[in-house]
Structure formats: C-alpha cells, structure tokens
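Taking it in order: structure first as structure tokens, then the write-up.
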Amino acid sequence: MAGSLIKIDEEIVTSAVASVTLGGADWDSSYDVYKVVYNNVQPETDSVNLNVRFTVSGTPDSSSNYDRAFKKLSASSSFSDISSTNQDKLRTSGQNTGTGTSETANGIIYCFNFNNASEYSFITNEETSFGADTNTRGNQGGGVLTVAQACDGIQFLFSSGNIDSGTFTLYALKK
C-alpha cells in the first residue's frame, strides 16, 4: 500500500545526547495512529534500559502515571511477563543494553489516542535487542499514560546516561 506512511520527524544520533524527542513542533494532529521506528539504538553507559515518555505541548510528561505490560521472549531463558504501574516513564526494553559491539535496541511503537484529550494515550511496542549479557531478547506489549490529555510526541531516554547512537523515525498512518 504505497503512500500509507507519512514521515513526520526523524532524528539520527551520531554522538551522545541525553534524549531524543519526536513530534512536538513537528506533530501533525490530523492522523489517528502514529508509528515510531527505532534502529540500532545504543547507550553511552553500559547495562541500561531504553524508556519512553509522551510529550504534552512538546514537553515530556514525567508524572508517575505510566503503566506497562510485556511478554519477554528470551534466547537464553524461558518466556516471562513484565509489568509495572505508576512509573515516571515506560520501559521498552526487556533487558539491559550496553556499550559492546552490536548491543543495540530495535523496535516499532504504535501510538493511539494521542490527539484525544478525553482518552488515555497508549502504545503498543515490539522490540528486539542484544543485551549487555550477550543474549538476544524480544518484547511484545504496550503501555499507557493514565491521564486524559492530548499528547504530541514521544521522548526516548535511557535509564541512566546518554543515547550514543541510533535512528528514530516518526510516521503517521494515512487514513
């Protein structure tokens, strides 16, 4: 289906930054669903987790109103469930990512209800990563910001330290 994705914003990180925010001033509220793709995301600090926050008027919402649930798929152990409530961000990764060769996170996030101030904004997330413990893992799940407000973007940040490299792209899905 050619032309189904409309690129809205892209950030390519080649040297350390504290976070990456997509949307904000570039946000186009005329769509219902958005897709975020992140590739080869690597931290500057070893053994950290990739997280996201939603933005409101271009500012990340850091309130403790994020809930998430995932199924973790691991090459080195059995599957497991991961969940948390009342957090100040949503963890997207199922493991710690590190600074070693190929220790990167790659994923797809779909954003729903971001333009609706009467509903909770939520995401679904699929991610694969090669972690600091040299194991491959994947996640399938989602998260929600339990505040009825319009959101206009998404911020990526690690649990500690900077983002050293990666490509982050925000698309709108054509109606």
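The values are calculated or read from the model by the stated rules, or taken from the named source; none is laboratory data. As the structure is a computational prediction, the values presented were derived from the model and not from experiment. Ideal geometry is used to build each Cβ from the backbone, glycine not excepted, and the neighbour counts take in all protein chains shown. All accessible areas refer to the heavy atoms of the entire protein, side chains included, with ligands and DNA or RNA removed. Shrake-Rupley method; radii C 1.70, N 1.55, O 1.52, S 1.80 Å.
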| query | Any chance the range 39-59 includes a residue that's charged (D, E, K, R), in contact (Cβ under 8 Å) with a residue 24 or more places away in the chain, open to solvent by 30 Å² or more (accessible area, probe 1.4 Å) and outside any strand (DSSP E or B)? | reply | yes
| task | Please work out which one of (1) within 17 Å of Glu126 (Cα to Cα); (2) open to solvent by 70 Å² or more (accessible area, probe 1.4 Å); (3) more than 18 Å from the chain's Cα centre (by Cα) is the condition Ser78 fails and give its number. | result | (1)
| task | Look at Val41 and say whether it is closer than 17 Å to Glu103 by Cβ, out of contact with any helix residue (DSSP H, G or I) (no Cβ under 8 Å at 6 or more places or on another chain) and among the hydrophobic types (A, V, I, L, M, F, W, C). | result | yes
| request: Could you check Cys151 against (1) open to solvent by 10 Å² or more (accessible area, probe 1.4 Å); (2) over 26 Å from Thr99 (Cβ atoms) and say which number it fails? | output: (1)
| remark: Looking across the range 116-143 at residues that are over 27 Å from Trp27 (Cα atoms) and of a type in the set (D, E, K, R), the single one that is modelled with the lowest pLDDT is Asp133
| request: Could you list all residues from the range 90-120 that are under 20 Å from Ser160 (Cα atoms), of a type in the set (D, E, K, R) and open to solvent by 50 Å² or more (accessible area, probe 1.4 Å)? | output: Arg91
